[in-house]
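Here is the structure we will look at.
The values are calculated or read from the model by the stated rules, or taken from the named source; none is laboratory data. Keep in mind the model is a prediction, meaning the values are calculated, not measured. All Cβ positions, even for glycine, are placed from backbone atoms using ideal geometry, and neighbour counts span all protein chains on display.
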Amino acid sequence: MRYTAGLFKAALLSGFFASCTPHYEDLPTFSAERKLLQVVVEMPAGTNHARRYDPTSHEFVPVRRAGLELVAEFLPCPGNQGFIPGTRLGAAANPLAALVLIETQPTGTVLEVLPIGLLTLDDNGILKPIVLAVPARPSQQILPDVVSWHDLTSRYPGAQEVIRQWFLHQGRLGEIRVVSWKDEKAAEQQVKEAMN
């Protein structure tokens, strides 16, 4: 079916294409076929512009801090930041955050991942756990043979510092601090605790 500009606009306004918009918040935590943890990419690797998924509008919107769009004044994001669907944390019921160490993926990409660690931040008095992960698909892996926290820190000792610096530069100096680094078992436990 071909649409003219007027018909397309009318169809859009009537909600005809609304069913085409993915509702990422409704995705399961684990993929149906392979039972692997899933992450929805909000902020691709290589950018400084923080974005988050808004389940009300079903769009990826800029993150705001003190009324302004959050742009990290640092090097670009070292991985793809996103969230684990089907999880909720704290009173705000935000989904559990994740950082996938993989080449840049478009916003809205759903990745099957292997959790390798858990970083906990203190952001102005609010604890924020972040699952560190690598892609489950070998063809997407950029860190060969990394499937655990020990693998990452022993084979790529500088990676932990790169990740730490990235997150410390998400706010003004002193606003964010690293509370702890834990292994893949802690990450898996955090996912279980955050599942609805």
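One residue stands out in the range 68-85 among those that are under 13 Å from the mean Cα position of the chain (by Cα) and in a strand (DSSP E or B): the one that is surrounded by the most Cβ atoms within 10 Å (Cβ to Cβ), namely Gly82. The residue of the range 97-124 that is surrounded by the fewest Cβ atoms within 10 Å (Cβ to Cβ), among those that are farther than 19 Å from His169 by Cβ and either among the acidic types (Asp, Glu) or without any contact (Cβ under 8 Å) to a residue 12 or more places away in the chain (or both), is Glu103.
Screening Glu103 against (1) under 24 Å from Thr87 (Cβ atoms); (2) at pLDDT 95 or above; (3) part of a loop (DSSP other than H, G, I, E, B) leaves a single unmet condition, (1). When the range 110-161 is limited to residues that are under 17 Å from the mean Cα position of the chain (by Cα) and β-branched (Val, Ile, Thr), the one that is farthest from Val100 (Cα to Cα) turns out to be Thr120.
The residue that is modelled with the highest pLDDT, counting only those in the range 156-196 that are polar (S, T, N, Q) and assigned to a loop (DSSP other than H, G, I, E, B), is Gln170.
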